[in-house]
Amino acid sequence: MKKLIPIIFFGGCSTEYEISLQSAHAVLSHLDPEKYAPLMVGITPDGHWLHYTGTIDHIASDTWAQDPTHVTPCALSPERGRHELIVFGKCLLRLKFDAAFPVLHGKNGEDGTLQGLLELAGIPIIGCGTLASALAMDKARTHTLAESAGVSVPKGKAFPRGTAPEAMAAWAEILGYPVFVKPVRAGSSFGISRVTAADKLSDAVQQAFLHDDMVIIEQAVEGVEVGCAVLGNQNLITGRVDEIELSGGFFDFTEKYQLITSKIHCPARIDPETEEKIYFAAKKIYHALGCKVFARVDMFLTTDGQILCNEVNTIPGFTAHSRYPGMMQAVGISFPALLDQMIALGMEGEDTPCV
């Protein structure tokens, strides 16, 4: 049987560079070598593209780019139908491949930028396309589309850089403290603050503006955060709903990746009827954004049982211990089998006509 050749992109010019390395290492570790012969392309924090031929353990330890014998500058051919990685070594190489899997988190990878290049070249994407990726990265627009699909959202308002501080302070007063201040386009909780008093709002806004040129000030929801893994294009499969238990504060970057005071419960500690409602809402949000192949839809379950859309992660964490694979494992889909299904779903977009 001919092996499929996916390009696995990792790293990235993003604050989530190191997280991508761990996700890519896990993906490469669980790809069946009898079925796949992956090409590896690492993107350094300063944006250099390198074809990597070394061991995958050096990806996890972030030493992959330090051995010049295993890294060579490269680029994608933008010509539709060629599906070639151009490697600029001693001799110019053109390496054929079948599809691209961006295992990248945050800006310049998860936000539609790389997806646009792949779509321009007619390359099947193992994941969401340009529009869905860009919309999901934008929390304000995600909420607008979720609400239009009939899913409630927290009360919030986006403010561009240069907005008068008095206007943001007035909105926070309308919501009532505590409030959350978030960059509109960022991941892994970078730049997010829980603000408990008016005198702390300005610092939180400035912190958020370090990550984006627009911030959202949003009500603090009384309840728990739940997540739903969604897999598919038209016909969707969902993993078991999980639940984040917090002992204090919020699910910030440290808690997401170290779980110091928080716990992840999968399945969530909810009744079957509520879980079905969360599945239904997740699918509506997924379709509203035009997602394909896979995504994780994060929601709030309020103390009175209301479901609110929080955000959509089109490339969630992908280590063997991450939430998305864990939710799928809970419905009997192993990590290797999950990757098989994702690649097959991505290949459904092959040879899209240029019209």
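Annotations for the structure displayed:
- Candidates in region 118-128 are the residues that are surrounded by 16 or more Cβ atoms within 10 Å (Cβ to Cβ) and of a type in the set (A, V, I, L, M); of these, the one that is farthest from Ile315 (Cα to Cα) is Ala121.
- The single residue among Ser14, Ser61, Ser77, Ser20 that is farther than 24 Å from Leu117 by Cβ and out of contact with any helix residue (DSSP H, G or I) (no Cβ under 7 Å at 6 or more places or on another chain) turns out to be Ser61.
- Within region 46-61, being within 22 Å of the chain's Cα centre (by Cα), open to solvent by 40 Å² or more (accessible area, probe 1.4 Å) and either farther than 11 Å from Ser29 by Cβ or among the polar types (S, T, N, Q) (or both) holds for Asp46, His48, Trp49, Ser61.
- Residues of region 282-299 that are open to solvent by 10 Å² or more (accessible area, probe 1.4 Å) and closer than 17 Å to Met327 by Cα: Lys283, Arg296.
- Tally, over region 267-325, of residues that are aliphatic (A, V, I, L, M), assigned to a loop (DSSP other than H, G, I, E, B) and out of contact with any strand residue (DSSP E or B) (no Cβ under 6 Å at 6 or more places or on another chain): 4
- Check on Ile8, within 18 Å of the chain's Cα centre (by Cα) and touching a residue at least 12 places away in the same chain (Cβ under 8 Å): yes
- Some residue of region 263-280 being open to solvent by 40 Å² or more (accessible area, probe 1.4 Å) and modelled with pLDDT under 95: yes
- Scope region 58-82; condition among the polar types (S, T, N, Q) and either in a strand (DSSP E or B) or more than 22 Å from Ile19 (Cα to Cα) (or both); matching residues: Thr69, Thr72, Ser77
- Check on Phe318, in contact with a Pro (Cβ under 8 Å, 6 or more places away or on another chain) and over 22 Å from Ile125 (Cα atoms): no
- Given (1) buried (at least 16 other Cβ atoms within 10 Å of the Cβ); (2) closer than 20 Å to Asp212 by Cβ, index of the condition Leu131 fails: (1)
- Pairs where the first residue, in region 326-342, is open to solvent by 50 Å² or more (accessible area, probe 1.4 Å) and the second is in a helix (DSSP H, G or I) and of a type in the set (Phe, Trp, Tyr), C-beta under 9 Å, 6+ apart: Gln329/Phe335
- Restricting region 137-161 to residues that are of a type in the set (A, V, I, L, M, F, W, C), open to solvent by 10 Å² or more (accessible area, probe 1.4 Å) and in a helix (DSSP H, G or I), the residue that is nearest to Gly290 (Cα to Cα): Leu145
- For the residues Leu117, Leu85, the requirement of being at pLDDT 95 or above, of a type in the set (A, V, I, L, M, F, W, C), under 19 Å from Ile8 (Cβ atoms) and in a helix (DSSP H, G or I) singles out Leu117.
- Region 76-108, subset of a type in the set (A, V, I, L, M, F, W, C) and open to solvent by 30 Å² or more (accessible area, probe 1.4 Å), residue farthest from Val293 (Cα to Cα): Cys91
- Looking only at region 187-216, and only at residues there that are over 22 Å from Ile307 (Cβ atoms), aliphatic (A, V, I, L, M) and touching a residue at least 40 places away in the same chain (Cβ under 8 Å), the one that is most open to solvent (accessible area, probe 1.4 Å): Met214
- Residue check, Arg94 out of contact with any Pro (no Cβ under 8 Å at 6 or more places or on another chain), of a type in the set (Lys, Arg) and not in a loop (DSSP other than H, G, I, E, B): yes
The values are calculated or read from the model by the stated rules, or taken from the named source; none is laboratory data. As the structure is a prediction and not an experimental result, all values here were calculated from the model. Virtual Cβ from ideal backbone geometry, glycine too; neighbours counted across all protein chains shown. Accessible surface areas use protein heavy atoms only, side chains included; no ligands, DNA or RNA. Shrake-Rupley method; radii C 1.70, N 1.55, O 1.52, S 1.80 Å.
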